[in-house]
Amino acid sequence: MPPQLVKVLNDSYQAVKNDGEDVIAGLTKNPKTLPPKYFYDDYGSELFEQICELPEYYPTRTETSILEKYADEIAQITGSSELVELGSGSSTKTRLLLDAYQKIGNSFTYIPTDVSGGILKNSVLELQEKYPDFFIQGLLGTYQQTLAYLESTPTPTRTICFLGSSAGNFSPQEFDNLLTQITRSLQPGNYFLLGIDLDKSKEILEPAYNDNQGVTAAFNLNMLSHLNWRFQGNFDINLFSHQAIYNQAETQIEMYLYCQENVTFALETLDLKVNFQAGESILTEISRKFDLEILQTQLEAKGLKVKKVWTDPKKWFGLILCQA
Ligand SMILES: C[S@@+](CC[C@H](N)C(=O)[O-])C[C@H]1O[C@@H](n2cnc3c(N)ncnc32)[C@H](O)[C@@H]1O
């Protein structure tokens with residue numbers, strides 16, 4: 001039997017479709033919040049790809065420049081035969097790592113994982129064509145579902161990578177919990193590669209999340225369209241506007257949707273009515289900006305020994321390789 005292209009974890013697509021408990025919890029809180037995973041339906045994933053190309057959005061090209069320089073070294077140090085990627089999206093940057101592992105020439109498995117099914121399936125198809133000798137299998141599910149699956153399928157030469165500073169979307173406590181789950185999915189000697197955005201000035205950060213072409217605004221607003229189709233909702237996205245601000249005290253970008261009128265919307269399949277006051281916000285994402293030294297201490301405390309740290313010349317982005 002041919003290998004499954006995309007393995008659906010714990011019925012996760014259904015779970016994402018039907019659970020919505022996190023939506024109810026976030027929209028009945030004061031102030032309101034929504035989990036960033038709801039950015040990513042097919043259209044949201046496409047918009048994120050466009051964000052990566054924006055002149056203001058430095059993270060993708062900066063992380064790419066680091067990988068261009070050091071992917072070979074990463075492949076040499078780890079010598080892994082399995083690379084798992086959390087929140088892989090289009091896997092575009094990852095191709096630099098795959099090229100490097102291909103040069104080593106071991107038999108090799110790449111496991112991209114994501115909550116967004118369309119982009120995951122398309123990238124698996126494209127990559128299988130580009131790397132015919134690799135075994136490639138997508139895992140469709142949340143980070144937590146993916147890591148639970150990985151814990152049950154240990155391998156001696158695994159590297160887990162988590163790029164794009166998606167780690168910054170977690171609060172410090174949530175990130176600590178995620179690291180616990182990551183370490184459980186690694187055997188002694190396995191590696192963890194983490195790409196993180198470093199703290200910098202507000203003048204660079206805020207434009208990166210408030211671009212001139214309005215792509216990030218469309219991405220943020222699409223979360224409401226996603227909730228509309230997923231939970232039979234009636235959010236009128238024309239009544240909302242996007243704004244991202246840098247919260248200096250928390251060293252994080254906060255992305256908001258502001259409602260402009262007093263209005264009530266419903267999400268039918270969640271049996272939820274949500275009242276908004278004019279000017280009220282929904283926090284849709286935090287994007288924490290890290291201090292390399294503090295983060296290294298946190299990783300070491302989790303039993304992840306820091307082997308190597310790479311940055312770009314401006315020290316805008318960091319790549320940390322740890323060994324369990
Ligand atoms: C910011 S994008 C980064 C994509 C890619 N890793 C990169 O560096 O360009 C985040 C990716 O993680 C996925 N994602 C977001 N929340 C997730 C969750 N809770 N569980 C699994 N994947 C998630 C999204 O679908 C998206 O592809």
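The values are calculated or read from the model by the stated rules, or taken from the named source; none is laboratory data. Please read these numbers as outputs of a predicted model, since none were measured by experiment. Using ideal geometry, Cβ is built from the backbone for each residue, glycine included, and neighbour counts are taken over all protein chains shown. Just so you know, the surface numbers come from the protein's heavy atoms only, side chains and all, with ligands and any DNA or RNA stripped out. Shrake-Rupley method; radii C 1.70, N 1.55, O 1.52, S 1.80 Å.
Sort through SER107, SER91, SER116 and tell me the only one that's open to solvent by 60 Å² or more (accessible area, probe 1.4 Å), hydroxyl-bearing (Ser, Thr, Tyr) and either touching a Phe, Trp or Tyr at 6+ places or on another chain (Cβ under 9 Å) or modelled with pLDDT under 95 (or both). Let's see the steps before the verdict.
Values: SER91 fails: open to solvent by 60 Å² or more (accessible area, probe 1.4 Å); SER116 fails: open to solvent by 60 Å² or more (accessible area, probe 1.4 Å).
Unique residue meeting the criteria: SER107.
Search segment 26-45 for residues being touching a strand residue (DSSP E or B) at 6+ places or on another chain (Cβ under 7 Å) and in a helix (DSSP H, G or I), and hand back the single one that is most open to solvent (accessible area, probe 1.4 Å). Explain how you work it out, then say what you get.
Kept after step one, since they are touching a strand residue (DSSP E or B) at 6+ places or on another chain (Cβ under 7 Å), are these residues of segment 26-45: 26-27, 31-34, 36.
Filter once more, so that each one left must be in a helix (DSSP H, G or I): 26-27, 36.
Details: GLY26: 4, LEU27: 7, PRO36: 35 Å².
For segment 26-45, the residue satisfying everything is PRO36.
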When residues of segment 46-66 are filtered for being closer than 20 Å to LYS315 by Cβ, within 9 Å of the ligand (Cβ to nearest atom) and open to solvent by less than 20 Å² (accessible area, probe 1.4 Å), how many remain? 2
Tally the residues that are in contact with a strand residue (DSSP E or B) (Cβ under 7 Å, 6 or more places away or on another chain), surrounded by fewer than 20 Cβ atoms within 10 Å (Cβ to Cβ) and among the polar types (S, T, N, Q), restricting the search to segment 268-324. 5
If ALA301 meets every condition in (1) free of Cβ contacts under 8 Å to residues at least 60 places away in the same chain; (2) farther than 29 Å from LEU67 by Cα apart from one, which number is that one? (2)
Which residues, counting only those in segment 268-295, are among the hydroxyl-bearing types (Ser, Thr, Tyr) and closer than 30 Å to LYS308 by Cβ? SER287
Within segment 149-184, the residues that are basic (Lys, Arg) and in a helix (DSSP H, G or I) are ARG184
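Taking segment 67-88 as the region of interest, how many residues are crowded, with 20+ Cβ neighbours inside 10 Å, farther than 21 Å from LEU147 by Cα and away from the ligand (no atom under 12 Å from the Cβ)? Walk me through how you get there before you give the answer.
First, pick out the residues of segment 67-88 that are crowded, with 20+ Cβ neighbours inside 10 Å: 67, 71, 74-75, 78, 80, 82-88.
Now narrow it down to the ones that are farther than 21 Å from LEU147 by Cα: 67, 71, 74-75.
Narrowing further to those that are away from the ligand (no atom under 12 Å from the Cβ): 71, 74-75.
Within segment 67-88, residues that are crowded, with 20+ Cβ neighbours inside 10 Å, farther than 21 Å from LEU147 by Cα and away from the ligand (no atom under 12 Å from the Cβ) number 3.
Kindly indicate whether SER225 is without any contact (Cβ under 8 Å) to a residue 60 or more places away in the chain, in the same structural domain as GLY26 (by TED's automatic domain parsing), out of contact with any Leu (no Cβ under 6 Å at 6 or more places or on another chain) and over 15 Å from GLU285 (Cβ atoms).
Numbers: without any contact (Cβ under 8 Å) to a residue 60 or more places away in the chain: no; in the same structural domain as GLY26 (by TED's automatic domain parsing): yes; out of contact with any Leu (no Cβ under 6 Å at 6 or more places or on another chain): yes; over 15 Å from GLU285 (Cβ atoms): yes.
No: the conditions fail for SER225.
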Residue hits (segment 232-289; touching a helix residue (DSSP H, G or I) at 6+ places or on another chain (Cβ under 7 Å), small (Gly, Ala, Ser) and closer than 19 Å to LYS29 by Cα) are GLY233
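Here are ILE286, ILE294: which of them is β-branched (Val, Ile, Thr) and over 30 Å from ASP72 (Cβ atoms)? Walk me through how you get there before you give the answer.
Numbers: ILE294 fails: over 30 Å from ASP72 (Cβ atoms).
The unique qualifying residue is ILE286.
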Inside segment 149-181, can you point out the residues that are open to solvent by less than 50 Å² (accessible area, probe 1.4 Å), touching a residue at least 60 places away in the same chain (Cβ under 8 Å), within 13 Å of the ligand (Cβ to nearest atom) and more than 14 Å from the chain's Cα centre (by Cα)? LEU150
Name the residues in segment 28-87 that are of a type in the set (S, T, N, Q) and more than 17 Å from the chain's Cα centre (by Cα), would you? THR28, ASN30, THR33, SER65, GLN76, THR78, SER80, SER81
All but one of (1) away from the ligand (no atom under 16 Å from the Cβ); (2) out of contact with any helix residue (DSSP H, G or I) (no Cβ under 7 Å at 6 or more places or on another chain); (3) basic (Lys, Arg) hold for LYS121; state the number of the condition that does not hold. (1)
